[in-house]
Amino acid sequence: MGFWAINVDSIFWSVFLGVVFCVIFRTAAKKATAGVPGGLQNAVEMIVDFIDDTTSSIFQHTNSLIAPMALTIFVWVFLLNLMDLVPVDWIPEAAMAMGIHYMKVVPSTDPNITLGLAFSVFGLIIFFSIKEKGVGGFVKELTCHPFEVSLRSPLTWLFLPINLVLETVTLIAKPVSLGLRLFGNLYAGEMIFILIALMYTGLALGLTAAVLQWAWAVFHVLVITLQAFIFAVLTVVYLAQAHDVSDEH
Amino acid sequence: MRWALGGKFMEGVARQPELLPVLRTQMFIILGLVDAVPIIGVGVGLMVIFAPPI
């Protein structure tokens, strides 16, 4: 079906995990006490504090959207990636028993999902750039960096198209790299799980495969958290760059 | 690329041990960025071998 295909399984799991995230955090917020915190409140507070520290050290302007969005991106992408640790055929086998013949459980291995997230962030970058600097300021930034163009010397106007090409490449590279980074990491991870499971059959090799799977799963826990964190941090960095009204010349 | 990053990180920590958590966070950020290029390559390669989009 190509470009216009809608992957219902990935969307279902993404929405489901988003709802799980909202339910958990809302429960923790409603039952929050000022006394000694329980387990859930402790964990949620740790995550929120961590994201708050990271965001406030990167984003120096005022915008009440950024920190909650960083929290949402971090926890939601982490939950999406976490589905990769469920053994790869359990849920699809259960789904086949219920009549669904194809189910992809890890939404971040679907490039549609990761690029969708990345291009939403891209839309926000453009929106905040234009909101903070105006359309003129945004275009000026695209055409006057990195080679200076001054109105006084028409010779520098030759730099306008060169600047535009360079800055457009930088601008487009942001969402593409953001989405593809998450997709590449998760897809390679899941593929290695599947390959280890397929390549070792029989008892002796099966035990080797079990050890390998365990080792890769431990490494994958690091990769999951790291990739979710990188996505969130880069989002905040790009939005901070969008808010930067630089007036050095 | 990753060995150079790790080496610089340990050098920095040896100079100023109190900056360990800060430097560690920054190292992970840069590590993730640098690691993206080869991992995207591996991902696309595996995709082309096993599930090629025709």
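Length gained on full extension, residue A:214 to residue A:97, computed as 0.36 nm times the residue gap minus the Cα-Cα distance: 39.4 nm. Accessible area of region A:8-248 with a 1.4 Å probe: how many percent of it is carbon plus sulfur? Solvent-exposed carbon and sulfur of region A:8-248 make up 74 percent of the total. Once the dipole of region A:10-90 is set up with Lys and Arg at +1 and Asp and Glu at -1 on Cβ about the Cα centre, which of A:79, A:21, A:10 lies farthest towards its positive end? Positive-end residue among those listed: A:21.
Here the calculated FRET efficiency for residue B:37 and residue A:201, from their Cβ-Cβ distance with R0 = 30 Å, stands at 0.30, rounded to the nearest 0.05.
Using a cut-off of 12 Å between beta-carbons, work out the net charge of the residues near residue A:32 (Lys and Arg +1, Asp and Glu -1, residue A:32 not included).
On the way: positive: A:26, A:30, A:31; negative: A:45.
Neighbour charge sum, excluding residue A:32 itself: +2.
Between residue A:151 and residue A:172, take the C-beta separation as r, use R0 = 30 Å, and let me know the FRET efficiency to the nearest 0.05.
Once the sixth-power term is evaluated, E becomes 0.60.
What are the DSSP H helices in chain A that stretch 27 Å or more along their long axis, judged by alpha-carbon atoms, and whose average Kyte-Doolittle hydropathy comes to at least 0.0? Correct list, ordered by number: A:8-30, A:39-58, A:111-144, A:159-199, A:203-243.
To the nearest 100 Å², how much accessible surface do chains B and A hide from each other in total, with a 1.4 Å probe?
Numbers: alone 4560 and 14770 Å², together 17970 Å².
Between B and A, the summed buried area is about 1400 Å².
Extension gain, residue A:225 to residue A:85, is 49.2 nm, computed as 0.36 nm per intervening residue step minus the present C-alpha separation. For region B:13-54, a reduction of at least 20 Å² in accessible area between the chain on its own and the assembled protein chains (probe 1.4 Å) is found at B:25, B:28, B:29, B:32, B:33, B:36, B:39, B:40, B:43, B:46, B:47, B:50.
Find how much the distance from residue A:45 to residue A:135 grows on full extension, using 0.36 nm per residue of separation minus their present alpha carbon separation; answer in nm with one decimal. Walk me through the numbers before you get to the answer.
Details: separation 90, 0.36 × 90 = 32.40 nm, distance 3.93 nm.
Extra length available between residue A:45 and residue A:135 comes to 28.5 nm.
Excluding ligands, DNA and RNA, the accessible surface per residue across the protein assembly as shown is 59 Å² with a 1.4 Å probe.
The values are calculated or read from the model by the stated rules, or taken from the named source; none is laboratory data. These numbers come from a predicted model, not from an experiment. Please note: Cβ atoms are built from the backbone with ideal geometry, for glycine as well, and neighbour counts cover all protein chains shown. Just the protein is used for accessible areas: all its heavy atoms, side chains included, with ligands, DNA and RNA removed. Shrake-Rupley method; radii C 1.70, N 1.55, O 1.52, S 1.80 Å.
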